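Reading through the structure tokens given below for one structure.
The values are calculated or read from the model by the stated rules, or taken from the named source; none is laboratory data. Predicted, not measured: the structure shown is a model, and the values here were computed from it. When we count neighbours, we look across all protein chains shown, and the Cβ atoms used for this are built from the backbone with ideal geometry, even at glycine. For the accessible areas, the whole protein counts, side chains as well, though only heavy atoms, and no ligand, DNA or RNA atoms are used. Shrake-Rupley method; radii C 1.70, N 1.55, O 1.52, S 1.80 Å.
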Amino acid sequence: MSKHLRMQILAFWLILFFAAPLAAKNLILMISDGMGFGTVMATAYFHGEKPIYTAFPEKYLVTTHPATGAYTPESEWKGFDPQPSQATDSAAAATAMGTGVKTLPGRIGTNPYGLPLPNIVEIATDQGMATGLVTSVPISHATPAGMVAHDLSRNNYEKIAQEMLYASDLDVLMGAGHPLYDNNGNLKTSGQEYKYVGGEGVFQQLRSKKGLIAKDGRTWHFMDAKADFEALARGDQIHTKVLGLARAATTLQQARSGDRQLVDRSTPNPEAPSLAVMSRGALNALSANGKNFFLMVEGGAVDWAAHSNEKGRLIEEQRDFNEAVAAVADWVENRSSWKETLLIVTSDHECGYLWGSESRTFTPVQDRGAGNMPEMVFHSRLHSNLPVPLYVKGEGVSGLLKSLVDSRDSYFAGLIAGFDPDFTGEFIDNTDIFLLMQLWVSEDKGAP
Ligand SMILES: [Zn+2]
């Protein structure tokens, strides 16, 4: 869609939104990193049930390519392409969703010329909202970074973490990347890795008696014990400015020991909370600020499992994400409402080129019954350019979403119709997710 047309749509909907009475407005964006339709299907088939977001009222395909790419159904379905040159990385995709601007792979909140862009955390903060980011991978990894930070490279973890902790207005930050623990929840005896938390000095400051004081003058409450995550999730202990660092080096569960081709959630890293527990805790912390809020939750290790072609861990990670969505939806229904809270569930890109057959191209993942590994084949260890699903629940966004449709991919709709016939093949772009979020928060004036 052209920039001019986008601006016209924005102006039109802004007028409509401002005409409506002010009300509480929370915004929750949930991203399963690397999730394509194959991921959703494999997880649903293995567990014998569809995730709740497949019943959400708004469903579209989303194109994910970076500034240097494109998506056209004609070229996508012309050939089976496990190594697409046009695929995005997580940094460019997070920047597109977090700022509305397509950029080069690797960039965090900066445009192709390297200039910093205003992001959704800054925009929500300007509207008087509290903000939080939760992930199952390191706190400073590409997806959370793209919502709040500005950097030429996603690999500058130390700088990105420092920007999050010292220079942003975040109220809640939770994830993995603990310097002192391995991925089985054991204290490391050597090889401590401090980069994800901003360096050793920052980590010591966080844990010191004085603590680390942020830009807003408030001190980060640091916690890393699983029991503390659970207490926050239950509402027994409330902190309004909280850094929750799970006791896992890189991912909550995906990188732990064990057979990664099997689904076995009976042997977890015992020290790490689930994404659902983190999400509930984040919701409690954010709502305790007495403001409306923006929360992003990332199931970050779906992508890590897909890169390594791990069937078992892929399904485990997607299940963990699904349970987090269920926890969030439960919170909306009991503590808020679908009028007050907009919930967006999507992905940043597909990973693994996951289909259901070794030999026949474009065969969807096949159901082999609950408890059995579905027929699923990774054809790549890379990201693909396949459109990803978008599921939205919340009032008053139906017309806006419809107006953002770029085109229709009927062939893809036909491939997934057996699993979910609600997708018509109409697609929007990942930058449109930003537009939707920007419009949702722009009405808000801070008071719930
Ligand atoms: Zn990604």
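Since only Ala233, Thr267, Trp220 are under comparison, the one whose Cα sits farthest along the positive direction of the charge dipole of the stretch 143-268, derived from C-beta charges on Lys, Arg, Asp and Glu, is Trp220. Partner lysines whose Cα lies under 17 Å from the Cα of Lys195, excluding those fewer than 8 positions away in the same chain, are identified as Lys159. Say we join alpha carbon atoms closer than 10 Å with springs in a Gaussian network model of the chain; which of Glu333, Glu350, Glu200 then has the biggest fluctuation? In the Gaussian network model the winner is Glu333. Applied to the stretch 150-165, the Karplus parametrisation 6.51 cos²θ - 1.76 cosθ + 1.60 on θ = phi - 60° returns per-residue 3J(HN,Hα) values of 9, 7, 6, 9, 4, 7, 7, 4, 4, 5, 5, 4, 5, 4, 4, 7 Hz, with x for Gly and Pro.
Less than 5 angstrom separates the built amide H of Glu58 from those of Val392, all sequence-distant by 5 or more or on a different chain.
Sum -39500 (n - 2.57) across every DSSP H segment of at least 4 residues in the chain, then divide by the residue count to get the 222 nm mean residue ellipticity, nearest 500. Roughly -10000 deg cm²/dmol at 222 nm, from the helical runs in the chain. GNM remark for the chain: springs join alpha carbons under 10 Å apart, and the peak mean-square fluctuation among Asp89, Asp406, Asp320 falls on Asp406. Annotation for the stretch 279-337 versus the stretch 88-137: alpha-carbon center distance of 19 Å. Surface composition of the chain: carbon and sulfur atoms hold 51% of the protein heavy-atom accessible area at a 1.4 Å probe. In this structure the amide hydrogen of Ser136, modeled in the peptide plane, comes within under 5 Å of the amide hydrogens of Glu298, Gly300, Ala301, none closer than 5 places in sequence on its chain. Rounded to two decimals, the Cα radius of gyration of the stretch 258-302 over 2.2 N^0.38 Å is 1.56.
Other residues with beta-carbon under 14 Å from the beta-carbon of Asp171 carry, at +1 per Lys or Arg and -1 per Asp or Glu, a net charge of +1. Please list, in order, the residues from the stretch 166-195 whose amide nitrogen is less than 18 Å from a point placed 7 Å along the Cα→Cβ vector of Ile238. Residues 171-173 qualify, since their backbone N sits under 18 Å from the label point. Over the stretch 257-337, the hull volume per residue, using the convex hull of the C-alpha atoms, is 98 Å³. The mean of 1/r over all pairs of different alpha-carbon atoms in the stretch 318-448, once inverted, gives a Kirkwood hydrodynamic radius of 17.2 Å. Beyond 34 Å, the tail of the calculated P(r) for the chain holds 26 percent of the Cα pairs. The string of couplings for the stretch 293-298 from the Karplus curve (6.51, -1.76, 1.60, θ = phi - 60°) is 8, 10, 10, 10, 10, 10 Hz, one whole number per residue in order, with x for Gly and Pro. Under a 5 Å amide H cut-off, with hydrogens placed 1.01 Å from N, Val365 pairs with Gly356 among residues at least 5 apart or on other chains. In order along the stretch 30-40, phi translates into HN-Hα couplings of 10, 10, 8, 5, x, 7, x, 4, x, 5, 4 Hz, rounded to whole numbers, per the Karplus curve 6.51 cos²θ - 1.76 cosθ + 1.60 with θ = phi - 60° and x for Gly and Pro.
Under a Gaussian network description of the chain, with springs only between Cα atoms under 10 Å, the residue in Leu187, Leu133, Leu245 that fluctuates furthest is Leu187. With R₀ fixed at 51 Å, the C-beta to C-beta distance from Ser308 to Ser398 puts the FRET efficiency at about 0.85.
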